[in-house]
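Okay, so here's the structure we're looking at.
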Amino acid sequence: ASDWRADVRRIEEGLRSGLAPCRDLPGVEDVRVLGAIGVVEMERPVRMREIQRRFVERGVWVRPFGRLIYLMPPYIISDSQLITLCDATSEIIREGGVIEDP
């Protein structure tokens, strides 16, 4: 049987450390993690088409909405896949051009 609680703790730890660099990036309002859910809240709405295209180019599928880049990986995600997901998120935000102009 799967120990889903251990998976959630492992994912939470990975999201906390993996998304921490986002806190200092321009345009980021907040970074939150609760269990296996991570959220990077931007100051303004994201450009959906642009940001999704960039995620797909890095081999990850993220469906942001409004000001939120919402990560909810499956419990079976490997540690290396989790790193890829978090790295892609911080890299895309760091590159800029993903939030709507004021």
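Could you look through region 38-50, keep only residues that are over 9 Å from the mean Cα position of the chain (by Cα) and either of a type in the set (Lys, Arg) or closer than 15 Å to Cys22 by Cβ (or both), and pick out the one that is most open to solvent (accessible area, probe 1.4 Å)? Outline the logic, then answer.
Looking only at region 38-50, we keep the residues that are over 9 Å from the mean Cα position of the chain (by Cα), and these are 41-50.
Checking which are either of a type in the set (Lys, Arg) or closer than 15 Å to Cys22 by Cβ (or both) leaves us with 41-44, 46-47, 49.
Working: Glu41: 29, Met42: 2, Glu43: 88, Arg44: 70, Val46: 9, Arg47: 71, Arg49: 214 Å².
My answer is Arg49.
Results for (1) aliphatic (A, V, I, L, M); (2) out of contact with any His (no Cβ under 9 Å at 6 or more places or on another chain); (3) open to solvent by 90 Å² or more (accessible area, probe 1.4 Å); (4) over 19 Å from Asp101 (Cα atoms), shown as yes or no for each residue.
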{"residue": "Asp3", "(1), (2), (3), (4)": "no, yes, no, yes"}
{"residue": "Leu15", "(1), (2), (3), (4)": "yes, yes, no, yes"}
{"residue": "Asp24", "(1), (2), (3), (4)": "no, yes, yes, yes"}
{"residue": "Gly27", "(1), (2), (3), (4)": "no, yes, no, no"}
{"residue": "Val31", "(1), (2), (3), (4)": "yes, yes, no, yes"}
{"residue": "Gly35", "(1), (2), (3), (4)": "no, yes, no, yes"}
{"residue": "Gln52", "(1), (2), (3), (4)": "no, yes, no, no"}
{"residue": "Leu68", "(1), (2), (3), (4)": "yes, yes, no, no"}
{"residue": "Pro74", "(1), (2), (3), (4)": "no, yes, no, yes"}
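The values are calculated or read from the model by the stated rules, or taken from the named source; none is laboratory data. Keep in mind that what you see is a predicted model, and the values were worked out from it rather than measured. Because the Cβ atoms are built from the backbone with ideal geometry, glycine has one as well, and the counts that use them run over all protein chains shown. Only protein heavy atoms, including side chains, enter the accessible area calculation; ligands, DNA and RNA are left aside. Shrake-Rupley method; radii C 1.70, N 1.55, O 1.52, S 1.80 Å.
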